[in-house]
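The values are calculated or read from the model by the stated rules, or taken from the named source; none is laboratory data. Since we're looking at a predicted model, the values are computed, not measured. Here the Cβ is made from the backbone with ideal geometry for all residues, glycine too, and neighbour counts use every protein chain on show. With ligands, DNA and RNA removed, areas are computed over all heavy atoms of the protein, side chains included. Shrake-Rupley method; radii C 1.70, N 1.55, O 1.52, S 1.80 Å.
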Protein chains: 2
Amino acid sequence: MDAPPARKAKTLKDIAELAGVSVTTVSKVINNYSDVSESTRAKVQAIINQQAFCPDPVASSLSGKASYSIGVILRYNPVWGLHHSFFYKVMFGLGRRLGQSNYDCVVFPDAWLGEPVDYLEKCVRRRVDGVVLMGVDFDSPNLEALAQSDLPCLFIDIVGDSYPGNNGYFLAWDHQQGACQAVDYLYALGHRKIGLLGGLPNTYPARSHREAFKERLSDYGLPICEEWMVGDDFTEDSGYYAMQKILQQPTKPTAVVCQSDAAAVGALRTLERSGLKCPDDISIIGYDDIEICRYTHPALTTIRQDTLLLGRLAADTIIACIRDGSAPREQILPVSLIVRDSCRRIESHA
Amino acid sequence: MDAPPARKAKTLKDIAELAGVSVTTVSKVINNYSDVSESTRAKVQAIINQQAFCPDPVASSLSGKASYSIGVILRYNPVWGLHHSFFYKVMFGLGRRLGQSNYDCVVFPDAWLGEPVDYLEKCVRRRVDGVVLMGVDFDSPNLEALAQSDLPCLFIDIVGDSYPGNNGYFLAWDHQQGACQAVDYLYALGHRKIGLLGGLPNTYPARSHREAFKERLSDYGLPICEEWMVGDDFTEDSGYYAMQKILQQPTKPTAVVCQSDAAAVGALRTLERSGLKCPDDISIIGYDDIEICRYTHPALTTIRQDTLLLGRLAADTIIACIRDGSAPREQILPVSLIVRDSCRRIESHA
DNA sequence: CATTTCACAGAAAGCGCTTTCGTTAATTAG
DNA sequence: CTAATTAACGAAAGCGCTTTCTGTGAAATG
């Protein structure tokens with residue numbers, strides 16, 4: 001029978017022999033040293049390409065160079081429930097794009113409750129070249145240590161105002177645009193009394209969304225009613241109770257924009273229990289476009305964030321940081337309105 | 001100002017000096033070599049414990065020993081939609097438990113479409129000590145190579161009948177129990193005509209569930225009606241169309257057990273469009289207990305699989321494989337019935 | 001008492017790579 | 001034409017660990 005195709009990875013030495021040079025020289029062409037002539041560089045590079053050679057990442061890390069691995073800090077909060085698939089997709093997009101550049105990602109899960117993990121220690125141990133953080137906020141324990149290090153840190157959906165380090169990069173959605181799209185759409189449908197069902201107030205997404213929301217309202221000359229702006233966090237329960245509060249108001253909004261789909265789902269539940277119908281009695285617009293939107297009742301009009309895209313961009317960004325620090329400090333991604341059945345046109349009595 | 005606390009990891013050498021022995025000896029006590037006396041072993045071990053020393057994983061891998069990392073193959077299929085949070089949770093439970101044993105996991109995402117990744121090559125490159133595979137079936141490309149290797153492979157929710165290797169371990173849910181619980185529950189509610197809304201027929205979960213379902217039906221002396229057993233895969237769409245077929249039958253079941261929550265959601269949609277009500281006209285029972293169940297209309301009675309538990313068990317299993325191959329080849333986890341609002345009691349006309 | 005065994009510890013090589021430094025040959029300067 | 005410079009390459013040490021092999025003194029054997 002055929003001998004199995006000897007799954008032995010090629011080494012620098014193999015390349016060196018094929019090219020008739022020393023390992024040193026091969027290493028030098030890989031690492032772009034200047035003291036190698038154009039002719040030998042070309043010769044060696046040709047062999048490298050032909051053999052599809054790629055230096056061993058663990059050997060490379062051991063000798064203090066790139067490990068071709070990036071750390072991914074995942075936060076898990078049982079309360080997020082519906083939001084986990086969001087992270088999964090980002091991570092997937094990220095990992096896949098990294099893989100294409102021969103990077104791999106090693107994930108460090110950190111639970112919301114229970115013993116927090118020491119990010120930096122883990123990252124140093126694994127010699128990762130950079131870190132991507134999801135679901136992490138600035139008061140997370142152990143973040144400080146990471147911030148003091150010189151590892152490039154890419155934060156997802158958070159922005160760097162109060163970050164206690166200078167190694168931070170930030171990739172976030174344009175929640176201002178999201179707020180505007182929601183308001184614009186409702187306004188166009190004739191709504192003039194619009195409430196906000198907010199998420200955790202002091203987070204970047206909630207804050208930027210809320211401010212843009214209010215500003216947009218005043219752009220249109222619409223009333224900004226604090227009693228219509230409620231909500232504690234991004235969960236379904238929060239949406240449930242917040243909607244109850246709104247319904248207790250003497251005059252009610254005709255539409256409510258939510259800061260998460262989960263909260264919107266909670267709001268729908270409140271409506272249903274109150275014998276009200278969406279969108280007949282009140283229009284609801286969600287945020288995130290998680291899977292569930294297509295299956296709610298009615299299907300939820302919402303603002304979509306392209307998670308796979310975010311993941312890919314995260315990969316490109318962190319690699320750029322590592323290579324030459326050439327990544328933009330802050331990137332804001334557009335979002336888009338997805339129209340389903342939870343908003344209706346009404347007669348504006350303006 | 002204080003010097004930063006020198007985040008330099010300790011090395012074997014440090015320990016050796018503290019203990020007054022050679023690095024060799026320290027290494028030997030760590031790796032349980034027999035040629036070290038009890039007294040020195042104790043002395044060295046004391047220092048190791050006191051310093052909380054843990055050998056550098058990348059150096060360790062380079063020299064051909066444990067890398068303290070395990071590879072996680074993640075499959076992504078846009079069609080799975082709702083199922084992704086399932087994987088996320090398993091991965092989280094897995095990663096966290098692994099971390100507690102000083103293992104880390106490096107994830108290799110593999111897309112359903114597009115260029116498949118070469119598992120084995122990636123795993124060898126990273127020198128992982130073992131592999132956990134999720135969402136992978138036996139006809140996945142590149143799986144063969146992995147199977148031929150001697151890396152321990154732990155498969156999630158699939159069972160090893162047709163696995164082309166002898167390095168496979170399997171961790172799956174007890175779908176037979178799941179089927180029985182559903183049938184038992186419906187029977188107790190008075191249902192005597194029960195249909196099945198199935199998933200991808202030739203997968204382990206669907207097959208074992210289906211067989212147990214039929215068997216349980218005949219245990220009760222209930223009719224097994226092939227026209228009531230439909231469905232192509234686990235998706236919402238599949239459930240949607242399958243339910244339509246069921247409704248076209250001359251005599252209809254009073255209850256339908258589904259092989260996934262997503263399919264159940266699709267079935268609910270069909271009912272709604274047909275002007276039928278669940279559970280009044282027909283009872284539905286889902287499978288998986290994904291987040292969405294609490295938010296459907298009515299809330300879905302279903303069979304829960306404890307994903308975090310599965311993740312933790314996966315970690316324990318793969319570590320046991322690595323340490324001494326002492327893990328059971330196949331483990332089947334119990335599932336549990338979660339009663340919500342989608343099944344009603346009916347008068348049995350038995 | 002001389003010799004073989006054995007238990008124990010350390011020296012050294014090696015994993016695949018990076019990087020410093022030395023060496024040679026070609027080039028320029030004096 | 002010799003001395004100083006530079007360009008191009010390779011030898012070798014080192015990253016932190018494992019493992020083999022060698023060496024020592026003590027115990028056991030004849």
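Here chain B has 50 percent of its accessible surface on carbon and sulfur atoms, given a 1.4 Å probe and all protein chains in place. About its Cα centre, the dipole of the stretch A:201-278 is roughly 240 debye, where the only charges are +1 on Lys and Arg Cβ and -1 on Asp and Glu Cβ.
What total accessible area, in Å², is buried where chains A and B meet, using a 1.4 Å probe and rounding to the nearest 100? Mind dumping the intermediate values first?
Numbers: alone 17480 and 17440 Å², together 29990 Å².
For A against B, buried area totals roughly 4900 Å².
Summary for A:K277: label point 7 Å along Cα→Cβ; distances to the equivalent points in the other copies, ascending, 1.5 nm.
For B:T24, the label point sits 7 Å beyond Cα toward Cβ; its separations from the matching points on the remaining copies run 3.1 nm, from shortest to longest.
Averaged over the residues of B:282-291, the number of partner chain Cβ atoms lying within 10 Å of the residue Cβ comes to 2.
Quick check of the Kirkwood formula: for the stretch A:175-305, what is the inverse mean of 1/r over all pairs of different Cα atoms, in Å?
Every distinct Cα pair counted, the radius reaches 14.0 Å.
Computed from the Cβ-Cβ distance with R0 of 22 Å, the FRET efficiency linking A:E17 to B:D118 stands at 0.30. Placing R0 at 56 angstrom, the Cβ-Cβ distance between B:A9 and A:E215 gives a FRET efficiency of 0.65 after rounding to 0.05. Taking every protein chain into account, the accessible area of the protein assembly as shown amounts to 43 square angstrom per residue (probe 1.4 Å). With the simple spin-label model, which puts each label point 7 Å out from Cα in the Cβ direction, the B:S101 to A:D137 separation comes to 3.5 nm. For the options A:V23, A:V128, A:V339, a Gaussian network treatment of chain A with springs between C-alpha atoms closer than 10 Å singles out A:V23 as fluctuating the most. Of the cross-linked pairs A:K122/B:K43; A:K43/B:K13; A:K65/B:K122; A:K65/B:K13, those separated by over 31 Å at the C-alpha level are A:K43/B:K13. Remark: the B:Q51-B:Q244 segment gains 62.9 nm on full extension, using 0.36 nm per residue and subtracting the alpha carbon distance.
Of the trypsin sites (Lys or Arg not before Pro) found in the stretch A:14-63, not one falls in a DSSP loop while having at most 16 other beta-carbon atoms within 10 Å. Bridges between two residues of the stretch A:175-305, per DSSP, are antiparallel at a rate of about 0%.
Shape call for the stretch B:70-175 from the C-alpha gyration tensor, a ≥ b ≥ c root eigenvalues: rounded (a/c under 1.5), prolate (a/b greater than b/c) or oblate?
rounded
Most tightly packed first, judged by the mean number of other beta-carbon atoms within 10 Å of their residues, the peptides A:66-73, B:108-115 read A:66-73, B:108-115. Peptides A:141-149, B:97-105, B:325-333 ranked from most to least packed, by the mean per-residue count of other Cβ atoms within 10 Å: B:97-105, A:141-149, B:325-333. Rounded, prolate or oblate: which fits the stretch B:12-55, taking a ≥ b ≥ c as square roots of the Cα gyration tensor eigenvalues, rounded meaning a/c under 1.5, else prolate when a/b beats b/c? Because its axes are fairly even, with a/c under 1.5, the stretch B:12-55 counts as rounded.
Angle between the Cα long axis of helix B:84-100 and the longest principal axis of chain B, 0 to 90 degrees, nearest 10? Here the helix axis deviates by roughly 30 degrees. Using the Cβ-Cβ distance between A:A59 and A:S336 with R0 set to 41 Å, the FRET efficiency from 1/(1 + (r/R0)^6) comes to roughly 0.35. Averaged over the residues of B:87-100, the number of partner chain Cβ atoms lying within 10 Å of the residue Cβ comes to 5.
Shielding by partners for peptide B:108-115, expressed as the average number of C-beta atoms from other protein chains within 10 Å of each residue's C-beta, is 4.
A label point on A:N202, set 7 Å along the Cα-to-Cβ line, lies at 5.7 nm from each of its counterparts in the other copies, closest listed first. Over all pairs of different C-alpha atoms in the stretch A:1-144, the reciprocal of the mean inverse distance, the Kirkwood hydrodynamic radius, equals 18.1 Å. Solvent-free Debye calculation, one equal scatterer per alpha-carbon of chain A: log10 I(q)/I(0) at 0.08, 0.09, 0.13 Å⁻¹ equals -0.50, -0.60, -0.97. With an a/c value of 1.5 or above and a/b not larger than b/c for the gyration tensor axes a ≥ b ≥ c computed over the alpha-carbon atoms, the protein assembly as shown is described as oblate.
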